[in-house]
Amino acid sequence: MGDWVSAIPAYLAVAAVLIIPGVAVVAVGWGWRSPQRLLLAPAISVTIAAAAASVAPLVGLRWNLIPLALVTLLVMGIALVLRRVAGVDTAPAGRRTGLVALLSLVATALVSAVMFARAFGAPGNIAQRFDNIVHLNAIALGLQNGSASPFQIGSTSDIGFYPNAWHALTTLGAELTGASVPVAVNGSNLAIVSILWPASVMALAGAFFAQRRTAYVVSAALSTGFGAFPALFFNWGVLYPNLVGYAMLPAALAVIVTMLPERRAPALVRSALLVALLAGGTFLGHPNAFLSLLFFAAAVVITAFAVRAVTERTRGSVLGLGIAVVAFAVALAGTVAVFRTGAEHSGWAPWQQLSQSLGEGLFAAPRGFTPTVVASLLLIAGFAAVARRPRLLTVLAPFAVAVALFAVASGLRIDSPLRQLLTNPWYNDSNRLAALLPLVAIPVATLGALAIVDLVRATVGERRVPGWLRVGAVVVGIAAVFSVAIGPNVRIALAQVHEAYAYTDSSLILSSDEEALLERLDEETPPDALIAGSPRTGTSLALAFADRQVTQKHVFGNPSPEVLFLNAHLRDIDSDPAVCRTVDQLGVDYVLDFGTQDVIDPAGAAAYSGIQDLTPGTHLVLVDSQGPAAKLFRIEGC
């Protein structure tokens, strides 16, 4: 772990960005007394950072601490005005509860940071997955241009708009510390999984369970215990933007939960504005996360109104339920219609039979991950608690929605109309829906833990129990819930992450030879060099590793006809004058040749046959090589 010292500055920089703006807003707008509110701080900070990065280029500012501070002050001002109108937030929790929440978060942060650092292997390792090409290059381009706006990030892959929350955090971490792009990415991701994610889950637990200390401890521990999230997104994709959006989602849902009992108009307005703020931040994480939030919010609100209607049996409660159903039906129908994806992106096939997908979903153990015993027992206890007290259905409702969506995507036929209707906006991708399971399974498992604790207390009753025995029981309980971090469910997922991040001779994006050559590139090429190469073999990462411009920044996109011509004919440079003319027209100076190892499908290498497996010649001068396949050529004489 000693190598990770180089990533500490990037981690601390992003950690500070995640903590300071949000804490300042909460302190000004709600006060210090409620840990449940303070746990919203990282999600608020992400929203502020994404918004500030979006606005900065519009007012002529580079993306750095200045626009972040300005937007933070603006949000603080709004929060202060709302506090003057709505008053100080009620805070049923005492200092002891706040201390327990803080210690739980700190302990979880340490556990999560170590877990994922070990999974990544080394601070300079990258995920060997094709989506990572565009994410790494987007950070490099953002640093070059001083912008992490959605439009800047989108330009890396030739699209107009791309959600920028993850890129804003990571680019700022690299800007503040001078870390290399791979190190900055890993430092940022460690901060996200160890601070944003557990704080968000704890906020939801605090909202559901009236800030009970046990709920904070258990939800913090359980955030380390499921392989489907966040570990899955470091192996599948990789889906860094989805990572941030999903990690924020429980915090946004927590605000909706706490808003339901509000009766005073000023407090309702303040809560509604906070929901809008975090929903917007979730969207800037990823639209899929926003859509998931809408589904879960519908489940919570409609269930709460239904329970109220059954309990009160008044005309007003029934009318409220009807309005909620209609409003969410319209919102969901419209949003699902807008977010639909084309056939080329939504062709992911199901994994299994419907019965198996339901079983995996109910225990939040998809992809064949072995369920962890402690987590499974707590989930079963949570189901039993809801069966005994139906008013707790609001805790179970979002989880039921997540299980249903996962089962539809992974268990129905690829041509199922229901599958196309419900899960198309998630690309019919079972992985993205699998990752939603832990977000809403953790509150159910936390409920199970609370039910067990309450049962023990009721059994003991007024009996005199020695203090050492009470302390021992608490220690054993805490150790049991934190043991999920080494359970098979997450251990299998982290092993897959470790494999995805390893440099080997056959790595999908960069072999160890190719990575070594890229590390020397800034010493062997001038800063203004333009480098050609097949992005499908990882050559385009010359931008991320050496800050050199490349002809194609991503596997996809819309390369110009001239670039397409070189991709097919550069090997003919000594015999075809048109190749030299095209080289001059584009201004290409160097060529990186990493052979034909393809990041997606070897058949895709055919389009780049003219720029792979090159040999030196009159116009192609070999400058450097590493191993049998990694070569750097300089173009001369054109």
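Throughout, read-outs are computed from the coordinates displayed, never taken from laboratory work. Since this is a predicted model, take the numbers as computed values, not measurements. Positions of Cβ are backbone-derived with ideal geometry, glycine not excepted, and every protein chain shown enters the neighbour counts.
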Highest average packing first - 57-70, 210-223, Cβ atoms within 10 Å: 210-223, 57-70
Convex hull volume of the range 126-202 per residue (C-alpha atoms, cubic angstrom): 92 Å³
Zero-based 10 Å bins, Cα pair distances in the range 281-338, whole percents: 24, 42, 24, 10, 0
Radius 11 Å from Cβ of Pro266, net charge of other residues (Lys, Arg +1; Asp, Glu -1): +4
Most to least packed among 390-397, 131-138, 363-370 [average Cβ atoms within 10 Å]: 131-138, 363-370, 390-397
Inter-label distance, nm, simple model (7 Å from Cα along the C-beta direction), Arg62/Ala603: 4.7 nm
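What Kirkwood Rh does the range 1-156 have if only Cα atoms enter the pairwise 1/r average? Answer in Å.
Evaluated on the range 1-156, it is 17.9 Å.
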Angle between the chain longest axis and helix 488-500 axis [Cα atoms, degrees, rounded to 10]: 20 degrees
Value at 222 nm in deg cm²/dmol, rounded to 500, when DSSP H runs of n ≥ 4 in the chain each add -39,500 (n - 2.57): -20000 deg cm²/dmol
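How would you order 562-572, 422-432, 35-45 from highest to lowest mean count of nearby Cβ atoms within 10 Å?
35-45, 422-432, 562-572
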Solvent-free Debye scattering, log10 I(q)/I(0), computed from the Cα coordinates of the range 515-638 at q = 0.09, 0.11, 0.16 Å⁻¹: -0.20, -0.31, -0.68
Kirkwood-based shape ratio for the range 217-347, expressed as Rg/Rh from alpha carbons: 1.03
DSSP bridge pairs, the chain: antiparallel proportion in percent, nearest 5: 70 percent
Simple label model, 7 Å out from Cα along Cβ direction - Val114 to Val476, nm: 2.4 nm
In nm, spacing of pseudo-spin labels at Ile492 and Leu455 (7 Å Cα→C-beta vector): 2.7 nm
Gap separating the Cα centres of the range 482-515 and the range 237-304, nearest whole Å: 32 Å
Kirkwood Rh (inverse of mean 1/r, distinct Cα pairs), the range 102-251, angstrom: 15.9 Å
For the chain, with +1 on Lys and Arg beta carbons and -1 on Asp and Glu, the positive-most of Leu518, Pro350, Leu405 along the dipole: Leu405
Of Leu105, Gly285, Asn186, farthest towards positive along the dipole that unit charges on Lys, Arg, Asp, Glu beta carbons give the chain: Leu105
Largest to smallest principal axis extent of the C-alpha atoms in the chain, angstrom: 91, 53, 52
10 Å-binned pair-distance histogram of the range 338-442 (Cα, whole percent): 16, 44, 28, 11, 1
